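Notes follow the structure.
The values are calculated or read from the model by the stated rules, or taken from the named source; none is laboratory data. Computed from a prediction, not measured in an experiment: that's the story for all the values here. Cβ coordinates were reconstructed from backbone atoms using ideal geometry, including for glycine residues, and neighbour counts include every protein chain displayed. Each accessible area value is taken on the protein alone, full model and side chains, heavy atoms only, with ligands, DNA and RNA left out. Shrake-Rupley method; radii C 1.70, N 1.55, O 1.52, S 1.80 Å.
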Amino acid sequence: MPSNQYNITEIKQAISADGDIVKEYTISNLLTDSRRISNAPEGLFFALSGRRNGHEFIAEAYAAGVRNFVVKQGAEIILPEANFLIVKDVLAALQKLAAYHRSRFNLEVIGITGSNGKTIVKEWLYQLMCADKNIVRNPKSYNSQIGVPLSVWQINEQNNLGIFEAGISTTHEMNKLEAIIQPSVGVLTHIGPAHDEGFEDRTQKVVEKLGLFKHCRLLIHNYEQLLDYADDIKAKNTFTWSTQFKQADLFVFSGTVITKNFYLRARYKGRDIECLIPFFDEASVENAIVCWATMLAMGYSAVEADIRLEHLNPVSMRLELKTGINDCSVIDDSYNSDIQSLEIALNFLNQQNQHDKKTLILSDIFQSGLQPDVLYKQVAEMISAKKVDKFIGVGEALMAHKDYFNIPEKHFFADTATMLQNLRSLNFKEETILIKGSRSFEFESISRALVQKAHETVLEINLNALLSNLNFYRSKLKPGVKVMAMVKAFSYGSGTFEVANMLQYNKVDYLAVAYIDEGVALRKTGITLPIMVLNPEASAFDKLSEYKLEPAIYSFGLFDDYIKFAQDSNVLNYPVHLKIDTGMHRLGFENVDVETLCDMLEENKYIRVQSVFSHLAASEAAEHDEFTLKQVLNFERAFKQIERVLGYKVIKHISNTAGIIRWPNAQYDMVRLGIGLYGIDSAVPANNNGLQPITTLKTSISQVKKVLAGETISYSRSGKLLKDGKIATVRIGYADGYLRAFGNGVGKMLVKGKLVPTVGNITMDMCMLDVSAVDVREGDEVIVFDGQLRIEELAKQIGTIPYEILTNVSQRVKRVYFYE
């Protein structure tokens, strides 16, 4: 049985529950929210009591297919074929089960706690170590009494490192989380005022937090932060850092801002070391030092730590970017609100360049540890600093402090319902709207009102996974090698400005598009990165200089056309890119053309060669390595000849996605990262956690029908069931990009965790699935592809390549972007 699967009898014993087992089930999925049921047949629903009583939602979970429940004593419920495990405390049972699961694995685990920076440090340590570790970590900010057990449940036998953060708000909580996480290495981040209200004083809070480390072999912490707590440190060994005390293991004695980076120098093991981090705000610098100390304490060399720290990327919380009404963009963060995550969300808002006007809808903030006057003054100052144009405050506390907000346009409402009643008067149009609210305000209703209604078939794009993939490839590059990200063909079907904004914010060096109009569209949405156009058309050359797009010149005819345009337009020294055909035989100057090309380049005042590049035909295939090597050698001869004539160095690039890993010596000055950004690379095994699929295509069931054996289904009467059964008609067809080749059982989709085949021909807007073996109903979710049913598998089903599957998803399919 897989490492995260248990039979229900074993679980009953593990959590010491009462109740009869009426039917044996395999459990792999822990559920706490009836609205978010997945893999129901293998789900175990915990009826937690919080703001809502989970027992009230058992019927809903049962209707969704869940058959196993953990309930509190006294909850007398009987449902057919359902098991009810009866316990005194449902939350304690969830924690006990997670601790039981954790005890089965002997892996290094880093436990992180503190007042601020837990999630950032956790995510940065993941970025820093994922290249050589198989890491399991909390999703999002799952660091609570519920979030930690759900996170630890993810551990499997492939993991060799766990990184889990633990958050507490009062006493007697940390011991419970320590028993679940069982860390061997502890990391203490910044201690500040957050959650002070839950403790008698700061000392009590610190001592409670130190409980996470009582069985650790190693604790990493700020030296001065724990000077008064020597007797409370139970870890066997410590590694300290400090900016004040020389006796710390890592004494950081110098910090300087250098062009939006922060240069740090420190004393470590009797010698000076250094690192450069791509942030300079105080909180980020401190979090980066914590990560630096952790890497050194865990055996990374100072040189390796420096290389990796320089490529850190901003940490994001859970955000969704959607298309809104009236040509708006909506950033949905409607489930949490604190001052730290507000800053992150505002940063993401500022990344969006598609609209000039930026709007924030914010609820009251709870559990900040600050007095209301102090808190909302900070909030107002932050919003002003982030240049929000329009502010809408919802909640009594915000109304009471509305005079603090000096915003060009501001509105305040006592509650969510009142704001919705006045929605029309707020005149949302052509603006980017950030919705940021605590869960209790139920801002999802605002999101529903502002998001454009669309086709129920949705392509979800995980921007965090995209950034993780970018970082994965960056970790494979030699120092100084640039990245050109390919965003042609609607970013391989994943979006235009949404993906480009993320890449720009995370400092890729170049973007590449296929045609000039694609580049123009990016410029119109605020993209300022250099953009190379791979297939420029002479009829649109005037747009190149207008929008600062750089053409790839691949033939003498195109060269002549461009020079004539430049002469007529008096355009001088314009950046161009020269493409060399080293064996792909698609576009480019061939080796025999290079000498003539050099003659044309000599003393040419109209162009300046920005780069020379070529394209590898089979970099992913070992059987073609000899041919690839020949291409690389041909490329070297060509660019050396060109550089000699030009008299200056140019950027050289030939490596595509697969070439980055398989041909490190061909990285030269820049690599072109294409489909690997989107989680697909034939040179990387599918089970490599360093690379993540970023897209999920999902739809839903429109209707379920009983069909007799032999009855025909779909056009041309092409489909039949061999015996009586059921079919589900789902909302996707070839007009959405699900090709006709998938029909008649060739294609398969996931319904309630089970693979089901297509039946009959795929129609324009719909197709049919054989769901005879699955309990389904109208409205159920259907997965076309995701991280489990991968795009590569769909491509294999119809004998094509993943590129075609991705780029065929049509524009009528709604895109939703997730950013955590």
(message) I need a count of the residues in the range 243-258 that are surrounded by fewer than 19 Cβ atoms within 10 Å (Cβ to Cβ) and assigned to a loop (DSSP other than H, G, I, E, B).
(response) 5
(request) Just one of (1) of a type in the set (A, V, I, L, M, F, W, C); (2) within 24 Å of residue 322 (Cα to Cα); (3) part of a loop (DSSP other than H, G, I, E, B) trips up residue 366, so point out which. (result) (2)
(request) At least 1 residues that are among the hydroxyl-bearing types (Ser, Thr, Tyr) and out of contact with any Ser or Thr (no Cβ under 7 Å at 6 or more places or on another chain) in each: list the strands (runs of 3 or more DSSP E) lying fully within the range 454-555 that qualify. (result) 510-513
(message) With the requirement that a residue be touching a residue at least 60 places away in the same chain (Cβ under 8 Å) and open to solvent by 20 Å² or more (accessible area, probe 1.4 Å), what does the range 163-190 give you?
(response) 169, 176, 179, 182, 184, 190
(request) Just name the residue that is nearest to residue 575 (Cα to Cα) out of those in the range 606-637 that are assigned to a loop (DSSP other than H, G, I, E, B) and under 34 Å from the mean Cα position of the chain (by Cα). (result) 614
(message) Restricting to the range 196-221, name every residue that is assigned to a strand (DSSP E or B) and touching a residue at least 60 places away in the same chain (Cβ under 8 Å).
(response) 218, 220
(message) If I go through the range 604-634 residue by residue, how many of them are within 24 Å of residue 681 (Cβ to Cβ) and open to solvent by less than 60 Å² (accessible area, probe 1.4 Å)?
(response) 13
(request) Being under 14 Å from residue 182 (Cα atoms) and not small (Gly, Ala, Ser) is the filter here, so list the residues in the range 111-135 that pass it. (result) 112, 113
(message) Among the residues that make up the range 527-543, is at least one of them modelled with pLDDT under 95, under 20 Å from residue 649 (Cα atoms) and surrounded by fewer than 16 Cβ atoms within 10 Å (Cβ to Cβ)?
(response) no
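Modelled with pLDDT of 90 or more, among the hydrophobic types (A, V, I, L, M, F, W, C) and farther than 23 Å from residue 502 by Cα: which single residue out of 671, 645 fits that description? So that I can check it myself, show each step before the final result.
On the way: 671 fails: farther than 23 Å from residue 502 by Cα.
Only one candidate passes the filter, namely 645.
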(request) Would you be able to tell me the number of residues in the range 309-333 that are surrounded by fewer than 21 Cβ atoms within 10 Å (Cβ to Cβ), at pLDDT below 85 and touching a Leu at 6+ places or on another chain (Cβ under 6 Å)? (result) 1
(message) Need a quick list: helices (runs of 4 or more DSSP H) entirely within the range 19-131 having at least 3 residues that are aliphatic (A, V, I, L, M) and buried (at least 17 other Cβ atoms within 10 Å of the Cβ).
(response) 90-102, 118-129
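Those residues that are open to solvent by less than 30 Å² (accessible area, probe 1.4 Å) and either under 25 Å from residue 27 (Cβ atoms) or in a helix (DSSP H, G or I) (or both), I need them from the range 144-162; list them, please.
Result: 145, 147, 148, 149, 151, 152, 153, 155, 159, 162.
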(message) Looking only at the range 777-812, how many residues end up being surrounded by fewer than 22 Cβ atoms within 10 Å (Cβ to Cβ), assigned to a loop (DSSP other than H, G, I, E, B) and not polar (S, T, N, Q)?
(response) 12
(message) Here is a check on your reading of the model: is residue 680 open to solvent by less than 10 Å² (accessible area, probe 1.4 Å) and either assigned to a loop (DSSP other than H, G, I, E, B) or more than 28 Å from residue 573 (Cβ to Cβ) (or both)?
(response) no
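Would you mind finding the one in 763, 758 that is in a strand (DSSP E or B), in contact with a helix residue (DSSP H, G or I) (Cβ under 8 Å, 6 or more places away or on another chain) and touching a residue at least 12 places away in the same chain (Cβ under 8 Å)?
758
Does residue 364 satisfy the condition of being of a type in the set (D, E, K, R), open to solvent by less than 30 Å² (accessible area, probe 1.4 Å) and under 28 Å from residue 115 (Cα atoms)?
Working: of a type in the set (D, E, K, R): yes; open to solvent by less than 30 Å² (accessible area, probe 1.4 Å): yes; under 28 Å from residue 115 (Cα atoms): yes.
Considered against the rule, which asks whether it is of a type in the set (D, E, K, R), open to solvent by less than 30 Å² (accessible area, probe 1.4 Å) and under 28 Å from residue 115 (Cα atoms), residue 364 comes out as yes.
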